[in-house]
1. Just the residues that are more than 8 Å from chain B (Cβ to nearest Cβ) and either open to solvent by less than 10 Å² (accessible area, probe 1.4 Å) or without any contact (Cβ under 8 Å) to a residue 24 or more places away in the chain (or both), please, taken from segment A:99-108.
2. Of all residues in segment A:109-123 being closer than 24 Å to B:VAL169 by Cβ and touching a residue at least 60 places away in the same chain (Cβ under 8 Å), which is farthest from the other protein chains (Cβ to nearest Cβ)?
3. Select the helices (runs of 4 or more DSSP H) contained entirely in segment B:225-309, then report the ones holding at least 1 residues which are under 30 Å from B:ILE149 (Cα atoms).
4. Please go through segment B:79-89 and give me each residue that is in contact with a Cys (Cβ under 8 Å, 6 or more places away or on another chain) and not hydroxyl-bearing (Ser, Thr, Tyr), ordered by number.
5. Among the residues of segment A:131-145, which ones are surrounded by fewer than 18 Cβ atoms within 10 Å (Cβ to Cβ) and in contact (Cβ under 8 Å) with a residue 60 or more places away in the chain?
6. Kindly list, by first and then second residue, each pair from a residue in segment C:329-350 that is closer than 16 Å to C:LEU366 by Cα to a residue that is open to solvent by 40 Å² or more (accessible area, probe 1.4 Å) and modelled with pLDDT of 85 or more, limited to pairs with Cβ atoms under 7 Å and residues at least 6 apart or on different chains.
7. Go through A:GLY263, A:GLY259 for me and flag whichever is open to solvent by 30 Å² or more (accessible area, probe 1.4 Å), at pLDDT below 95 and under 21 Å from A:ILE129 (Cβ atoms).
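The values are calculated or read from the model by the stated rules, or taken from the named source; none is laboratory data. Note that this is a predicted model, so its numbers are computed, not measured. Every residue, glycine among them, receives a Cβ derived from its backbone with ideal geometry; neighbour counts consider all protein chains shown. We work out accessible area using only protein heavy atoms, side chains counted, and drop any ligands, DNA or RNA first. Shrake-Rupley method; radii C 1.70, N 1.55, O 1.52, S 1.80 Å.
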Amino acid sequence: MSVLTSLSEMMAQLLREDRRRVVLGEDARDGGMLGLSRTCIADGTLRERVIATPLSPTTAVAHAAGLARGGARPILVFASPLGLLEGLAGLREAARLGWRTGQSAAVPLLMVTPSGPGFGLGEEAAEAIEATLARVPGLRVLCAGQPAEAAAWLHAAAQLDDDDAVPTVLVLPRRVLLADTDEALPDLGRACTSAARIRDGQAATVFAWGETVQVALDAVAHAQIDAAVVDVGCLAPLDAATLVAEAKATGKIVIAHAGPAAGGLGAELAALFADQAILHLDAPITRVTGADAPLSAALEAQAVPTVARVAEAIAHVANY
Amino acid sequence: METTAWDPEGVTTVLDHSGRLSDQSRPPQVDIRAYYKALVGARRIDARLGELGLPMWASCAGEEAPLVATALVARPEDWIYPGSRDTAIAIARGMDWDELARQVLGRHTGGGPALPGRVCADALHVAPTTGALGMHLPLAAGHAQALRIAGRKAVAFASFGEGLTTTGVFAETLALATANDVPLVLVCRSQQWPGQAPAEAGVVGDSVADRARAAGVWSRRVDGADPLVVYATLAAAAERARDGRGPALVEAVVTQLVHEPPPHRDPVERLRRHLESTGAWTSTFQDVLDAEAVAHFDRALAAQRGARA
Amino acid sequence: MPEFKLPAIGEGVVEGEIVRWLKQPGDAVSANEAIVEVMTDKATVEIPSPRDAIVQEIVAAEGTIAAVGEVIALFGDSAVVPASKPTPAAPPPAPAPISPAAAPVAAAPTNGAGKVLATPAARAHAREHGIDLAAVSGDRGRVTKADVLRAQATPTPTPTPTPTPTPTSAPAVAQAPAPAPTPVVRRDLGAPAADETIPFRGMRRIIADGLKKSYSTAVHYTYVEQVDVSKLVEVRKQAKNAAAEQGVALSYLPFIVKAVVLALKRYPIVNAELDEANAQVIVRKRYNIGIATATDNGLMVPVLHDADRLSLLDVAREIDRLSNAARAMKASRDELTGSTFTITSLGAIGGVLATPILNYPEVGILGVHAIRKTPVVDDNDNIVIGHLMNLSVSLDHRVVDGFEGASFLQEVRRYLEDPTLLLLAGI
């Protein structure tokens, strides 16, 4: 089964589970450019809760936030992360809307966006958007890593029933979207706000998220070093307790992520470890990231670190 | 009725300069003395706020009619998204005096409206003002749509000045609201001589209502110095939105008192003349209104300042 | 063109004087073969070559002072002697590995200023388990946690590292009384000689730096007491012959060392150092007594390690051996570091009072003056010939209060005035 199909089916399941949920997006009534609302449209009982939005990203985000404040459970689907970049003013307003009420009112808004290379688009569409999103105060940013978990991420991210639920963005890396999966897990098996160790190891720890999780797993195998891999998963706010505990476990840290190193979330993690795990660090905190320059469509794969580079970094810290 | 250079063109009125109802007009279904009392309260507290030296604060004197009318037209289940100079809405909606004083002084620390002088009264369905320009328009549209999806006969209002109509979110909100038939009432105050907008911005002498109509939104342009026509038009807009007939825009052309217009351009004075003409206004009544609003607010301000010291 | 840099020689060593090149340009040198002799404040050591190479050029001439890390020679290829001089564009060389032979005690790589290069995790583990990082070898130019764990698994006894020893001040010299104001007549002895310039470097400068550090950091105060050692003179006279039979020349110093150790046990705060960086006073539990010794190269302080565990005769033997080694510049780094308290004997020159400068960061130093025959009033009010000796103790007032300092010296006095107590204490 393709990951896109599993996500489309999960979207329909979400609408069946809660009548307050609505799906919005450009072309959403046609199934959406990613096809995520296709199953909803095919189901006559769900179709009326699929809302097409005009080509107006800023307003779309603020409008969805208003829907959330009004009692609905909007799921706003972007065809490209550019919508969120263009809609940043609306996103910032949405993220602090509950806070503005003075009583942390719930804003149960979920936004879903693809990110990174995979569609051969290059430039902004191939960049990693999560660092930009993560520094919007009040926003929760999640990023699906392993293809089998993509649908479970969507389900977990949509659980916004808390009294102080905050607007949430689920980033779905295009490489993950394009993957096939033998079995789409129905449940994440952990809180979506937690980081999780997905491979045990003693010699080093690789922190990664999104499409780079698979790169990290392959790199550990390639390097033939007993390194742990942690899927950071929740990028804002960071699960500092788990991340620091994992960092302390080996003291030899590689952070691998897509997009530029400068101002990236890898820097945030490195600062966290330097601050809270300094006495356990046994090698330089080493980042492996994507290119720091705009990328043409032909070179868009350079937005993600390669297995060889991550393996080299693992060997560097393990043998330091 | 003699028109002057101060009187806007192409607006609907029901009261003439002396406050008398024009021949064909029926008085709107509103307690006019209560409406007048709210207008006086808004005017007096606006003056008090002006004395506080709040950052980025601007007076709304002369523009009270659309603000107060919005608060009175809106039902308890409706929601109002005010703009940055629209504190009069929360006051007319019955905001607690102490909470009002606390917020205008910027004392809230756990989140709240964007700047001192702005207020949020979530329990009264008055949403907080936004930091980003005009972002309360799409928020109100979304909120309105949620009310409609939930099957409630409720409306969301968004209040703003005509300067905002040059922004993208204004155009986007019109598109979004018409596309989804959301029960949204846009309340636009157009200044005759806007203080900040350059003529090149294309808003001087332009009709926002015409532009909204061109975008497919039901709209009316009324005289903001005539509180009764403002109320009646807003009530009509809200009613059709409530009935599921789509969004509406009411443009009220107002004259800021800083320009020192003739007395009939002042909505408070226009309605006072109306009350006087019907024998419902006395100087004693006026003295009580003036004293009441200021006394409540001053006491609350003093309490807040005492709390700081 | 590989550069040969002066390697980190040991903790606290930041520079060394090039004494002698053992290899000249064109000579082949093999890995670990001595290439140059360098004198530091601790000792003169032979530095081995890190690799097989041909000496291409000597950069630091004999007599110059080179900083640790400074290029002192250039190597050519071990197989081929390059014909050309190195060019500035030459690629940076690999850092010279640190040879264990160059640093007899600390194999740990340092930053050149004495600080061991270790990862935070290594530091934390070492601190937690009381492991001396300086004694942990890090074979990749740094000490990691794994290196510490390895060292922990195979412990090797190493002395507690202590900073640079510094000598005491010279005894005070009495000024001649001012002459009467009579007309001054200068004899004609020809033109006065030109001032002589003595290079201020090597050991002299190291001594000066240590003194400066001590005097500008510690808050010195000096306390002086007169001790009647008449009984000790008798005891020593008798013991001297017995010691001579065992080949030991027994002086008073071993008795003083023993008295000091016993007094330190009673007043441990004097056997301490102030660790300002960590806001703590470290009270030493080893009794390593530094013996300030005049040598041709300046004052040196060989260390009598664990003086409390040595018999009186062994103390005498060790003092003899160490001072000879120091004078011959043969003392090992081990023998020149690690003192916790220092004794400076001013005996031969005498003097009445001195203000010894602390051997920083120690907090106490004892100056011992000559024993003089002096008329004293005994218990029966008779004037008899007594043997009196002055002791000057300098202390760091930041750590040792005046009362404690005085009490310490009184304790030393008690033992020296009544050697029976020393015997009872089991020297």
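1. Correct list: A:VAL107, A:PRO108.
2. Filtering first and then ranking leaves A:VAL112.
3. Fully inside segment B:225-309 and qualifying: B:227-242.
4. B:ARG85, B:ASP86, B:ALA88
5. Correct list: A:ARG135 only.
6. These pairs meet every condition: C:THR340/C:ARG284; C:THR340/C:ARG286.
7. Selected residue: A:GLY263, the only one of A:GLY263, A:GLY259 that is open to solvent by 30 Å² or more (accessible area, probe 1.4 Å), at pLDDT below 95 and under 21 Å from A:ILE129 (Cβ atoms).
This table checks each residue for (1) surrounded by fewer than 22 Cβ atoms within 10 Å (Cβ to Cβ); (2) not small (Gly, Ala, Ser).
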site: A:ALA152; (1), (2): yes, no
site: A:HIS155; (1), (2): yes, yes
site: A:ALA158; (1), (2): no, no
site: A:VAL169; (1), (2): no, yes
site: A:PRO173; (1), (2): no, yes
site: A:ASP180; (1), (2): yes, yes
site: A:LEU188; (1), (2): yes, yes
